[in-house]
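Notes follow once the structure below has been shown.
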Amino acid sequence: MPVKRTPKPLRPLDAIASALRRERERADVSLSELARRANVSKSTLSQLEAGTGNPSIETLWALAVALGIPFSRLVDPPIRQVKVIRAGEGAAIRSEQAHFTGIMLSACPPGARRDLYVINLEPGSSRQAQAHIPGSVEHLYVSKGRLRTGPSDTTVELGPGDYATFPGDVPHFYEALAPHTVAVLLMEHV
């Protein structure tokens with residue numbers, strides 16, 4: 001019986017480059033126009049589409065919002081039937097603002113609108129998140145450590161086992177209050 005071989009997964013930068021080109025072309029937006037809308041330099045966007053850039057979470061979120069799509073469409077490769085991400089093996093995307101790393105665990109299949117992440121935070125500075133696409137809702141479950149999160153006018157402190165939900169379509173933030181804080185984040189896009 002022949003053994004089915006799984007195609008070699010794309011490098012994270014190649015997957016981002018391919019997704020960015022696909023979504024920009026699908027939206028029928030030029031490189032210059034998308035760069036303007038996202039407040040990103042055209043050369044940075046060109047490098048990302050060529051797979052040679054080094055994008056931060058902030059840059060990718062700005063591009064996703066400018067395209068009107070969930071963040072996951074830019075960072076998650078096409079879905080396979082069985083997908084396993086071993087601890088420490090997920091594609092980590094780091095923040096420029098804080099000790100904050102997001103690892104996407106699952107993106108929405110077509111027609112569904114939710115993304116699942118595990119986030120690792122360290123005390124020091126907060127991760128300021130811009131408003132996501134309209135109707136976005138964040139669900140956060142803390143598995144280890146402590147953090148402060150939410151829209152700036154309605155912050156909450158959470159510890160292990162705590163859950164909170166809040167609008168993701170307004171500016172909000174994440175701030176670790178203890179070392180090695182870990183949380184699961186479910187982004188819901190209405």
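The values are calculated or read from the model by the stated rules, or taken from the named source; none is laboratory data. Only a predicted model underlies this, so the values are computations on that prediction, with no experimental measurement involved. Cβ: placed from backbone, ideal geometry, glycine included. Neighbour counts: every protein chain shown. Heavy atoms of the whole protein, side chains included, go into the accessibility calculation; ligands, DNA and RNA do not. Shrake-Rupley method; radii C 1.70, N 1.55, O 1.52, S 1.80 Å.
Within the range 16-46, being surrounded by fewer than 16 Cβ atoms within 10 Å (Cβ to Cβ) and either touching a strand residue (DSSP E or B) at 6+ places or on another chain (Cβ under 9 Å) or not in a helix (DSSP H, G or I) (or both) holds for Ala27, Asp28, Ser30, Asn39, Ser41. Taking the criterion of being surrounded by 14 or more Cβ atoms within 10 Å (Cβ to Cβ) and within 21 Å of Glu58 (Cβ to Cβ), the residues of the range 151-170 that qualify are Pro151, Thr155, Phe166, Pro167, Gly168, Asp169, Val170.
Is it the case that Ala183 is part of a strand (DSSP E or B), of a type in the set (A, V, I, L, M), out of contact with any helix residue (DSSP H, G or I) (no Cβ under 7 Å at 6 or more places or on another chain) and more than 15 Å from Thr101 (Cα to Cα)? For Ala183, the condition - part of a strand (DSSP E or B), of a type in the set (A, V, I, L, M), out of contact with any helix residue (DSSP H, G or I) (no Cβ under 7 Å at 6 or more places or on another chain) and more than 15 Å from Thr101 (Cα to Cα) - is not met. Here is the figure for the range 125-150: residues that are part of a strand (DSSP E or B) and either open to solvent by 60 Å² or more (accessible area, probe 1.4 Å) or within 16 Å of Ala178 (Cα to Cα) (or both) total 9. Among residues of the range 30-50 that are among the charged types (D, E, K, R), those with a Cβ under 7 angstrom from a residue that is open to solvent by less than 50 Å² (accessible area, probe 1.4 Å), sequence gap 6+ or separate chain, pair up as Arg37/Ala66; Lys42/Leu31; Lys42/Ala35; Glu49/Ala17; Glu49/Leu20.
Close Cβ contacts (under 6 Å, 6 or more residues apart or on different chains) running from residues in the range 140-154 that are under 21 Å from Asp169 (Cα atoms) to residues that are open to solvent by 20 Å² or more (accessible area, probe 1.4 Å) and assigned to a strand (DSSP E or B) comprise Tyr141/Tyr163; Tyr141/Val184; Arg148/Glu157; Arg148/Glu175; Gly150/Val156.
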